[in-house]
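Values quoted throughout were computed directly from the atomic coordinates according to the rules given, and no laboratory measurement underlies them. Owing to the predicted nature of the structure, the values given are computational and were not obtained by experimental measurement. For neighbour counting, all protein chains shown are included, and Cβ atoms are generated from backbone atoms with ideal geometry for every residue, glycine included.
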Amino acid sequence: MATERKMERIAIYPGSFDPLTNGHLDIISRASRLFDKLIVGVLQNDAKKCLFTKEERARLISKCIGNMPNVSVQTFNGLLVDFVKQNQGIVIVKGLRAVSDYEYELQMAALNKHIDHEIDTIFLMADVQNSFLSSSVVKELLRHGGNIRGLVPEEIIDDIESLKSKL
Ligand code: PNS
């Protein structure tokens, strides 16, 4: 009997992750259960001024995904669809918190589909308890001396707080 070669379903979760939040980690964990492999793609979004370099952001994510063997992290430059193709990905995963995210994400999904028709975007709804959470909120809180515990993974709190003076 011929052995059938099962194609791996590889998904890419892209973002700035400056820094990773519990909201991002929840999406990573849930997407990792839906696909054979999940690659977190970290990139420099030129529209945003980042606190961490993309290599530092990738290192912080690596510290938090030790319990998810099918998840890995990579940095990338250029077009997202090219990164997806290079990694044999079939799907882009994005998290949606509110209607306000939807308009931008719809445009991005349509644009990426226009660039490469074979790549789809799927959206996971953010957990209600993370609906207000973003990397910007974390940085804003830190800037004003607030407590970021409960908003970002415990493993990276010290790394984030050590950069407080740069904010
Ligand atoms: O976490 P972010 O900053 O909202 O993530 C945005 C990201 C990285 C998903 C988006 O900026 C992106 O896809 N950038 C890669 C460049 C690209 O492919 N742009 C769309 C076509 S011009």
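Structure notes:
- Estimated vicinal HN-Hα couplings, Hz - the stretch 84-98 in sequence order (Karplus 6.51, -1.76, 1.60; Gly, Pro = x): 4, 4, 4, 9, 6, x, 10, 9, 9, 9, 10, x, 10, 9, 9
- Most mobile of Thr53, Thr21, Thr121 in a GNM of the chain (Cα contacts under 10 Å): Thr53
- Close amide H contacts of Gly95 (hydrogens built in the peptide plane, cut-off under 5 Å, sequence separation of 5 or more or a different chain): Leu124.
- Long-range Cα-Cα pairs in the stretch 51-96 (distance over 11 Å), rounded percent: 73
- Placing a pseudo-label 7 Å from each Cα along the Cα-to-Cβ vector at Asp82 and Arg149 gives an inter-label distance of 4.5 nm.
- Order of Val137, Val93 - criterion: other Cβ atoms within 10 Å of each residue's Cβ, fewest first: Val137, Val93
- Cα-only radius of gyration and Dmax that characterise the chain, units Å: 16.4, 66
- Spacing of the two label points (7 Å from each Cα toward its C-beta) at Arg9 and Asp158, in nm: 3.9
- Relative contact order %, the chain, counting alpha carbon pairs below 8 Å whose residues are six or more apart: 28
- Other-chain or far-sequence residues with amide H under 5 Å of Thr75's (modelled H): Val42
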